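Here's the structure we're looking at; comments come further down.
Readers should treat all values here as calculations from the given coordinates under stated rules, not as data from a laboratory. Remember, it's a predicted structure, so these values are computed and weren't measured experimentally. Neighbour counts run over all protein chains shown; Cβ positions are idealised from the backbone, glycine included.
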Amino acid sequence: MDLAGLAQSGVSRNSDVTEVRERNRQRRLRRLAVLLALVAVLAVTRATLAVVDVAEGRAGAAHSVLALPRLSLPGLGPYAPALLLTLLLVAVIGGPMLAMGRSPHVLYRPEEMGIGLADVVGADTVVEEAVKTLNLFLNHRVLREEMGGNPRRGVLFEGPPGTGKTYIAKALAAEAGVPFLFVSSSAFQSMYYGQTNRKIRSYFKSLRKAARREGGAIGFIEEIDAIGSARTGMSGGGGREGVAGVVNELLIQLQSFDHPSGWQRARGVLLDVVNRWLPAGRRLVERPPEPANVLVIGATNRAADLDPALLRPGRFDRTISVDLPSRSGRRQILDYYLARKAHEADLDDPLRRDALAATTFGYSPVMLERLLDEALVWALRRGGRGLGWEDVQRAKMTSELGLAQPAALTERERRCVATHEAGHATVAWLVAPERKLEVLSIVKRRSSLGLLAHTERDERWTVTQSEVENLIRIAFGGMVAEELFFGETSSGVAGDLKAATEAAARMVGSWGMGDTLVSLDAVPGPVHPVARALGDDGTARQVETILGRARDDVRGLLHANAGLVAALRDALLERDELIGPEIGEVLVAAGALAPGSPARAHSPAPGSPVPAPGADPLGVIDLRDAQPEPRA
Ligand code: ADP
């Protein structure tokens, strides 16, 4: 045992798990030796008997000494077909029922995982915390026997999809050299009463078995909220057993690691029988069973929905947040994957890599990996042997904004789309200098006939009141430009109004930026905060006021700068798409003040496109909790 193993910062190598595995290996070897000895004794006996038989002239009798007895079922002959049919029916009906209760996990052996903690990059804090938990797992006996503590049984990995929850858990199991039993919560669910709980029991049984055999095992339950959601109300989740039944089973199983194994139970029964015959002072005593060394990792992106009992001590009592990577984390992930993918020399330039890390705010590790894969496809299309900077930019645009799909628009409609988008971009330029204009386009992508994509210049986690108001103004840019140039607006403003309304409702109901300091988020219940703000006459009126004021501001702004809108519109009609600095160039050529000018008080981001008339979703103001959202 290695007391130092608990204190060190790396993964401890000389652990209890290694010791148990070695002990089990030796026991297995001893069993094999006993078995081989028995077979040898049998073979020698048989040979000796044969020799004796031959010597005494009883050739052939040796068969009768050791041959297997012949089975005969007298009188069954006429019933044999019926019996066979019955057995077949039982197998057909009962077989699937039995199979349905089996554990639905997938078993990965340590050698099969092919990754270690060195492959988890850009998540240093998470890895550090995970290693601490792993060392407790590896040195469970030191903790229990020498220090009187209780090993950690469950850890919850919380974070958006694709942030590496499964990946980190696999790396941990590979480092520990123990089996990894992966299961997705949906695989537990069954339409038959009792089967969901049976599957959960079988899964934990498999975990205990693997842990006893290998010195430890790591279980991973994906999307644990699907079976562990709070036991309230009339929720119908959790299969036929209902949520309460399934959560109860989970809670019971999380406490099951001290249960004796089947073999230990059988030995206990035998001891009981023997002890009944022994005087009180001479009874045989069995050592209490050693707990199975299991670590269960639950993964979810909705930890708040979990039943509180699951998060109590002894269950999933440690939550590790696996967040989207920071800029330096993204840089490390890009370095890691670029080292494994053929790329051109321009992507070896550290400045280019930094720039790519800076413009992929909100990307999860898996999205960065896929982005480079997509860039490889673009490289192949142009006949390249490795991905280059331009391929990555193309891939980025495709994954963020969608594939360009030419749409047959009438000339007036095309002009209206261009005016609408030019309106957004002009307002963004004039009022929101903190935003960087990335793409202005009238090429149809997904459901948008056109879009303005803009990002924060710096990586930000919160928004100020003036920034939200600017986003609302940008959203009104399209509507007011249509009004100004066509005298009326089109249905294409729907998405803009939706986004503006959502932002204004959050200002009033959640962020204390309206006339009230009362937070509607404090009202318990599942109603969406925007619905709460709009459902109340007082707050709905405040939302209306904020929207009206923003629209009036934008009217004033675009009346005074109609020339800028016209210039951008014409450039769009000519070129279809303006990328990055091209937008500013058109505006400056038309007389706008250059970026950095203090009077340019002003610009959205990939991930926040502004759709044109006819397009539905907007997403220009994606301010949910002012947190970056993974771009699905
Ligand atoms: P989650 O379970 O959070 O949805 P996964 O663990 O399935 O996400 O991650 C998906 C993929 O993303 C992994 O298979 C791996 O290729 C990549 N990945 C995730 N996190 C990292 C990381 N920190 N470093 C390198 N690659 C990562």
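At-a-glance table
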quantity	calculated
Extreme residue, positive dipole direction of the chain, given options Leu84, Thr360, Phe137 (C-beta unit charges)	Leu84
Convex hull volume per residue for the chain, taking Cα atoms only, in Å³	295 Å³
Residues Asp553, Asp225 arranged by fewest to most Cβ contacts within 10 Å	Asp553, Asp225
Ascending count of other beta-carbon atoms within 10 Å, so fewest first, for Tyr203, Tyr167	Tyr167, Tyr203
Radius ratio Rg over Rh of segment 327-401, counting only Cα atoms, Kirkwood formula for Rh	0.92
Highest average packing first - 416-425, 204-213, 267-276, 570-579, Cβ atoms within 10 Å	416-425, 204-213, 570-579, 267-276
Residue pairs, from the table Lys170/Lys205; Lys132/Lys165; Lys396/Lys436; Lys165/Lys498; Lys170/Lys396, whose Cα atoms sit over 22 Å apart	Lys165/Lys498; Lys170/Lys396
Footprinting exposure proxy for Leu172, Leu83 (fewest neighbouring C-beta atoms within 10 Å first)	Leu83, Leu172
Within-14-Å neighbourhood charge of Leu573 [Cβ basis; K, R +1; D, E -1]	-2
When segment 411-602 is reduced to its Cα atoms, the Kirkwood hydrodynamic radius in Å	17.2 Å
Local net charge near Ala299, Cβ-Cβ under 11 Å (Lys/Arg +1, Asp/Glu -1)	-2
Antiparallel DSSP beta bridges within the chain, as percent of all bridges there, nearest 5	40 percent
Contour excess over end-to-end distance, with Cα ends at Arg213 and Thr464 and 0.36 nm allotted per residue	84.7 nm
Calculated over segment 425-516: convex hull of Cα atoms, volume per residue (Å³)	123 Å³
Label-point separation in nm, Val44 to Thr319, each point 7 Å along Cα→Cβ	6.6 nm
